[in-house]
Amino acid sequence: MPVYELAQLTWEEVSGLDRGRTIVVLPVGAIEAHGPHLPLDTDVVIAGAMARAGAKRLGARDKEVLILPALAYTAARFAAAFHGTLSISAITVTAVIVDLARSLTDHGFGVLAIANAHLDPEHLTALHEAVTLARADRLLPVVFPDLTRKPWASRLGDEFKSGACHAGQFETSIVLSKKADAVRDKIRQSLAPNPQSLSEAIKAGKRTFAEAGGPRAYFGDPAAATANEGLRLMDALGSILEEAVLAEI
């Protein structure tokens, strides 16, 4: 089945979709500092790639898929001290997702899946709250595979599992595979590994990248990143989105 981009369709083309059987995918990212070598829209790039990888897999299963324009602004307080990071309140994020789910419900769509790779804890809480509120309001099902939770985290490589994965090998590899010209490669290759676990720092109550041991807004090993690893990771992310949607429908 075909995969559509909502923004490229006309309203009459949308009216012709079998909306009740259509899976709608929303990429959710952030405008946030990602080390000195990756662009501020890194999470948007990864979310969009995850959405398309998952949509391709679902399309191959004879599912009709509609990809929405990405939501690029969200809660990003861990990186808020770094120039260029734009952070909005978690309440606003939740409200946007729920209102979007309500509009999709009004148009008769079957399910909304969130493709997300932004792991700020406030942001993740906002998305989980949106899922809960959409269910309480009897809107269409909202599917959100949280990459920080089982079983998904175990499928994304050793660096991801270690928690030292912000702008490190994991994310840098994906951007190298999808948007290589955006990577400041000379800087990337000069960066020493930063093994500080961001996830452990969060558990310990740290509130910023600097407090967590990332004064240049990266954790992990950017210099070890490769485009081939990025392709493998994107396949894994696409599979995660596919499986989460199939489990819902």
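The values are calculated or read from the model by the stated rules, or taken from the named source; none is laboratory data. The shown structure was predicted, so the numbers you read here are calculated from the model rather than taken from an experiment. Positions of Cβ are generated from backbone atoms using ideal geometry, with glycine treated the same way; all protein chains shown enter the neighbour counts. For the accessible areas, the whole protein counts, side chains as well, though only heavy atoms, and no ligand, DNA or RNA atoms are used. Shrake-Rupley method; radii C 1.70, N 1.55, O 1.52, S 1.80 Å.
Some observations on this one:
- Picking from residues in the range 1-41 that are open to solvent by 10 Å² or more (accessible area, probe 1.4 Å) and among the polar types (S, T, N, Q), the one that is farthest from residue 187 (Cα to Cα) is 15.
- Entry remark, the range 121-172: residues being more than 15 Å from the chain's Cα centre (by Cα) and either among the hydroxyl-bearing types (Ser, Thr, Tyr) or closer than 30 Å to residue 229 by Cβ (or both) number 14 in total.
- Scan of the range 93-150 for residues that are of a type in the set (Ser, Thr, Tyr) and in contact (Cβ under 8 Å) with a residue 12 or more places away in the chain, ordered by number: 94, 105, 125, 148
- Checking each residue in the range 60-79 for being open to solvent by less than 60 Å² (accessible area, probe 1.4 Å) and either assigned to a helix (DSSP H, G or I) or not hydroxyl-bearing (Ser, Thr, Tyr) (or both) picks out 64, 65, 66, 67, 68, 70, 71, 72, 75, 76, 78, 79.
- Filtering the range 152-170 to residues that are hydrophobic (A, V, I, L, M, F, W, C), part of a loop (DSSP other than H, G, I, E, B) and touching a strand residue (DSSP E or B) at 6+ places or on another chain (Cβ under 9 Å) leaves 164, 165, 167.
- Scanning the range 171-200 for residues that are assigned to a helix (DSSP H, G or I), at pLDDT 95 or above and polar (S, T, N, Q) yields a count of 5.
- Verdict on residue 105 being modelled with pLDDT under 95 and either more than 25 Å from residue 207 (Cβ to Cβ) or under 13 Å from the mean Cα position of the chain (by Cα) (or both): no
- Selection status of residue 57, modelled with pLDDT of 95 or more, open to solvent by 20 Å² or more (accessible area, probe 1.4 Å), more than 19 Å from residue 8 (Cα to Cα) and in a helix (DSSP H, G or I): yes
- The residue that is nearest to the chain's Cα centre (by Cα), among those in the range 206-235 that are part of a helix (DSSP H, G or I) and surrounded by fewer than 18 Cβ atoms within 10 Å (Cβ to Cβ), is 235.
- Checked against (1) part of a loop (DSSP other than H, G, I, E, B); (2) touching a helix residue (DSSP H, G or I) at 6+ places or on another chain (Cβ under 8 Å), residue 91 meets all criteria but (1).
- Under the condition of being open to solvent by 60 Å² or more (accessible area, probe 1.4 Å) and of a type in the set (A, V, I, L, M, F, W, C), the residues counted in the range 157-191 number 1.
- Members of the range 42-54 found to be hydrophobic (A, V, I, L, M, F, W, C) and open to solvent by less than 10 Å² (accessible area, probe 1.4 Å), listed by number: 46, 47, 50, 51
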